[in-house]
Amino acid sequence: MIQLEKKQVKVISVIIALVFIGSVVALALTQTGSIASAASSSVVGVVSRDQIMQNHPDITNFQTQMQAAVEEVQKDFEEKSAGMSDQEKQDYYAQCTQRLQQKQQELLEPIVQSINDAIKKVADAKGLAVVIDQAAVVYGGQDITQDVISKLAK
């Protein structure tokens, strides 16, 4: 039973990591917009969303709240699944995972919005027409990552 609990924790952790990475990738894709407009623009900004996310002032609070949510869901699962069949456990586990994903999205939304707002403000101040995630850039662009981090820290 102890190995099963460790496996559950690992699975939940992996799911959270995948959802987080998927959110960041989705946001990066929405920020890239039209590559054609980037090519025609004379000024292109570049940001590292991962670095900005890691340095966001609210990320520690997010991680703490997510860890508490994972522990709460795990405790709830252990208590309620004790008398369940394997199929019922799988179904309840899926519900628990979905609750964690919703909680993560709820907690990340204001952080992502503040990052988007800071990127827009820095880009406007620097006269940048387009800002693209660094992962999508092979060459060129003005890196504004530190400026965005500084803007968020204020």
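Observations
- Residue match in region 31-47 (condition: modelled with pLDDT of 65 or more and under 20 Å from residue 106 (Cβ atoms)): no
- Selection over region 80-120 of residues that are open to solvent by 30 Å² or more (accessible area, probe 1.4 Å) and either assigned to a loop (DSSP other than H, G, I, E, B) or among the polar types (S, T, N, Q) (or both) gives a count of 14.
- Among the residues making up region 118-142, those that are within 12 Å of residue 52 (Cβ to Cβ) and out of contact with any Ser or Thr (no Cβ under 8 Å at 6 or more places or on another chain) are 118, 119, 122, 131.
- Which numbered condition residue 127 misses (of (1) open to solvent by less than 80 Å² (accessible area, probe 1.4 Å); (2) modelled with pLDDT of 90 or more; (3) on the phi < 0 side of the Ramachandran plot): (3)
- In region 67-74, the count of residues that are of a type in the set (Val, Ile, Thr), assigned to a helix (DSSP H, G or I), modelled with pLDDT of 70 or more and exposed (fewer than 12 other Cβ atoms within 10 Å of the Cβ) is zero.
- Scanning region 139-151 turns up no residue that is of a type in the set (Lys, Arg), without any contact (Cβ under 8 Å) to a residue 12 or more places away in the chain and open to solvent by 80 Å² or more (accessible area, probe 1.4 Å).
The values are calculated or read from the model by the stated rules, or taken from the named source; none is laboratory data. Just so it is clear, the model here is predicted, and its values are computed rather than measured. We place every Cβ from the backbone using ideal geometry, glycine too, and count neighbours over all the protein chains shown. Protein only, heavy atoms only, side chains kept; ligands, DNA and RNA dropped before computing areas. Shrake-Rupley method; radii C 1.70, N 1.55, O 1.52, S 1.80 Å.
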